[in-house]
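Taken together, the values in this text are just the output of simple stated rules run on the coordinates, not laboratory data. Since the structure is predicted, the reported quantities are computational estimates derived from the model, not experimental observations. When we count neighbours, we look across all protein chains shown, and the Cβ atoms used for this are built from the backbone with ideal geometry, even at glycine.
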Amino acid sequence: MKKYNFYAGPAILPDPVIKEAAEAVNEFAGTGLSILELSHRSKEIVAMMDEAEQHVYDLLDIDKDSYSILFLTGGASSQFFMTAINVLDKDAKAAYIDTGSWSTKAIKEAKHFGEVEVVASSKNRNYCYIPKSYTIPEDVTYVHYTSNNTIFGTEFHQLPETSIPLVSDMSSNIFSRPMDVSRHAILYAGAQKNLGPAGVTMVIVRNDILGKVNRAIPTMLNYQTHITKKSSFNTPPVFPIYVSMLTMRWLKANGGVSAMEKKNIEKANILYNEIDRNPLFYGTADNEDRSRMNVCFLARDEAHEAPFLEMCLEAGCMGVKGHRSVGGFRASIYNAMSMEGVQILVDVMKELERIHG
Ligand SMILES: *Cc1c(COP(=O)(O)O)cnc(C)c1O
């Protein structure tokens, strides 16, 4: 039976990407070797990494002279401290917007390196909204926000209003919509939500923000190391980069991020409309802040939870169980999720209503 992958991460990848990745495990680029055993210094892998980098510039319309693209290890979680160690000076301050677990972790790590001011938080209502009115002090180095909150199902639909450079954790909505990269000093994203498999983290850095902090930065934690060495100072995670590159090729072939946005809005609308219509369910995030990627909802009657999850599995819908911080259900509908998959989940919701409503 066809499976529909609604897991939050590691998450769904496009079918053609999985097929091509599998072929490269057998043999890559006519070399007679598997991509898993090729040197990262070989011309085939260097060309592949150059292509990956070029796709990022193209897809997000990034100025090549001002920004560098990096493929690093350590997960998005390592970027929580790497951003701060590279750009936040000891006696300087950064503003953070706290919109959930991932923001909270980013805040904790940044505090090791400088002053952190949490300028807004939606903790008071279990992170079910994006804070709108807050003041950002003039003297902060950057403003950090989590563009999509994977766990709580909320998303920034407008950038924070400020002229101060932004730093964003875009792990779960990168390439799901056009992004104004020029407003950002740093963007980072763990690949395993909307880009590729686990094992690589993409970082987009504005070159001119580096080299200004008064501290020694360990070589591997210094963005400049990886810029100079084109993400190959040490052995890069070649295979996850390759699969991410294939996903970006697929994105381009399918109309790029504008086309993805259009499709993602449609998919999210279909699912949220059913959540709002079906008397057995309700959504957890405020309407205007609802994520297009991670759709969180609850059963009005807890007794319907187990049967619904059972019916989801029977229909091939995997990974619909919610994160423990919110409970209930979470359907992650990243770029690679088809309209058909969303429709099947909606049919299961209607079927639950027919049987138990
Ligand atoms: C999953 C996730 C992370 C953590 O990513 P790792 O690569 O596992 O460190 C950080 N931020 C957001 C928004 C996420 O969804």
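Screening the candidates Ile217, Ile151 for the property of being more than 16 Å from the ligand (Cβ to nearest atom), assigned to a loop (DSSP other than H, G, I, E, B) and either on the phi > 0 side of the Ramachandran plot or among the hydrophobic types (A, V, I, L, M, F, W, C) (or both) yields one hit, Ile217.
Name every residue in the stretch 126-143 that is farther than 30 Å from Phe297 by Cβ, touching a strand residue (DSSP E or B) at 6+ places or on another chain (Cβ under 9 Å) and without any contact (Cβ under 8 Å) to a residue 40 or more places away in the chain, in order of residue number.
Answer for the stretch 126-143, where residues must be farther than 30 Å from Phe297 by Cβ, touching a strand residue (DSSP E or B) at 6+ places or on another chain (Cβ under 9 Å) and without any contact (Cβ under 8 Å) to a residue 40 or more places away in the chain: just Thr135.
Checking the stated criteria, Gly199 turns out to be within 16 Å of the ligand (Cβ to nearest atom) and surrounded by fewer than 24 Cβ atoms within 10 Å (Cβ to Cβ). Screening Ser34, Ser66, Ser42 for residues that are among the small types (Gly, Ala, Ser) and touching a Lys or Arg at 6+ places or on another chain (Cβ under 9 Å) leaves exactly one candidate, Ser66. Residues of the stretch 257-283 that are basic (Lys, Arg) and within 22 Å of the chain's Cα centre (by Cα): Lys262, Lys263, Lys267.
Whether a residue is away from the ligand (no atom under 16 Å from the Cβ) and surrounded by fewer than 24 Cβ atoms within 10 Å (Cβ to Cβ) was assessed, and Ile209 passes this test. Identification of strands (runs of 3 or more DSSP E) wholly contained in the stretch 248-347 with 1 or more residues that are in contact with a Gly (Cβ under 6 Å, 6 or more places away or on another chain), closer than 21 Å to Phe175 by Cα and in contact (Cβ under 8 Å) with a residue 40 or more places away in the chain yields 294-299, 329-332.
Of the candidates Glu305, Glu261, Glu288, the single residue that is surrounded by 17 or more Cβ atoms within 10 Å (Cβ to Cβ), out of contact with any Cys (no Cβ under 7 Å at 6 or more places or on another chain) and of a type in the set (D, E, K, R) is Glu261. Inside the stretch 220-265, residues that are of a type in the set (S, T, N, Q) and closer than 15 Å to Leu70 by Cα make up a count of 9.
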